[in-house]
Amino acid sequence: MINAKLTGIPDMRSELAGIVPKLRARALRNALAAGGRVVRNAARAKTPTLRPSHPSVLLGRRTSGLVRKALSVRTSKRARAAGDVGVYVNVRPAKGGARGAKSARDPFYWQWLNFGWTPASGRRGKAGRKQRRAELRRGVPRQIRGARFLEAGAAVLPQALTTFSKAIGPQIQKLNVRRAPAP
C-alpha cells in the first residue's frame with residue numbers, strides 16, 4: 001500500500017474555487033499528468049525488453065521495446081464520470097484490429113511480464129500430466145517471477161507529488177489573473 005500526505009489543500013481549494021470549472025479541470029489534469037509522467041518514466045526504466053536478436057523479434061512475432069513504449073499516462077474515464085479529475089499510468093493496448101497474440105504490435109503479455117506466470121509443461125495429454133506430477137513431487141518451482149516494473153513506478157509517488165505541486169501552482173496563478181475587458 002502506498003500513502004502520500006498532502007499539505008496546503010485548503011489553500012489550493014480556495015484558489016481553485018474562483019476558476020471556471022472547465023479551466024479548473026484542465027489545470028488539475030495537466031498537473032496530474034505531469035506527476036504521472038514521473039511515475040511512467042520510472043516504470044519504463046525498469047521494464048525489460050526483448051533483444052533485437054531474439055528469435056521472436058527476428059521472425060516478426062514481437063517488437064523489441066513494445067511494452068516500454070506502450071506505458072502511458074491516460075485520463076481516467078471513471079473519475080470523469082464521477083465528476084472528478086484523474087489520471088493513471090498503465091500499458092496501453094493496441095488499437096482494434098492490431099490486437100491479439102498474433103500481432104507484433106500488441107503488448108497483451110505485459111501482465112505476465114509484470115506479475116509473473118506459471119509455465120506450462122512442454123508435453124500435452126497423458127504424457128504432460130505425468131511430467132507435471134513428477135515435477136510437483138520433485139519440488140520443481142512452477143512460478144516465474146515478474147519484473148514488477150509498475151511497482152517500481154509507484155515507488156516514486158513522492159517525487160510525482162512534488163512535481164504535481166510545482167505544476168499546479170503556476171497554472172492556478174495563470175488562470176486567476178484577471179484579463180482586461182475587450183474594448
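Scanning segment 163-183 for residues that are surrounded by fewer than 13 Cβ atoms within 10 Å (Cβ to Cβ), more than 14 Å from L23 (Cα to Cα) and either among the polar types (S, T, N, Q) or modelled with pLDDT of 80 or more (or both) returns a single hit, K166. From the list G97, G116, the one residue that fits, being of a type in the set (G, A, S) and assigned by TED's automatic domain parsing to the domain that holds R68, is G97. If you go through segment 74-129 and keep only what is in a loop (DSSP other than H, G, I, E, B), among the polar types (S, T, N, Q) and in contact (Cβ under 8 Å) with a residue 12 or more places away in the chain, you end up with S76, T118, S121. Taking first residues from segment 134-151 that are without any contact (Cβ under 8 Å) to a residue 12 or more places away in the chain and surrounded by fewer than 11 Cβ atoms within 10 Å (Cβ to Cβ) and partners that are in a helix (DSSP H, G or I) and of a type in the set (A, V, I, L, M, F, W, C), no Cβ contact under 6 Å between residues at least 6 apart in sequence or on separate chains turns up. Scanning segment 55-62 turns up at least one residue that is of a type outside the set (A, V, I, L, M) and within 24 Å of the chain's Cα centre (by Cα). The set of residues from segment 123-145 being over 24 Å from Y109 (Cα atoms) and either touching a helix residue (DSSP H, G or I) at 6+ places or on another chain (Cβ under 8 Å) or among the polar types (S, T, N, Q) (or both) comprises just one member, Q131. The single condition among (1) in contact with a Leu (Cβ under 9 Å, 6 or more places away or on another chain); (2) over 25 Å from G36 (Cα atoms); (3) among the charged types (D, E, K, R) that K102 does not satisfy is (1).
The values are calculated or read from the model by the stated rules, or taken from the named source; none is laboratory data. Computed from a prediction, not measured in an experiment: that's the story for all the values here. Cβ: placed from backbone, ideal geometry, glycine included. Neighbour counts: every protein chain shown.
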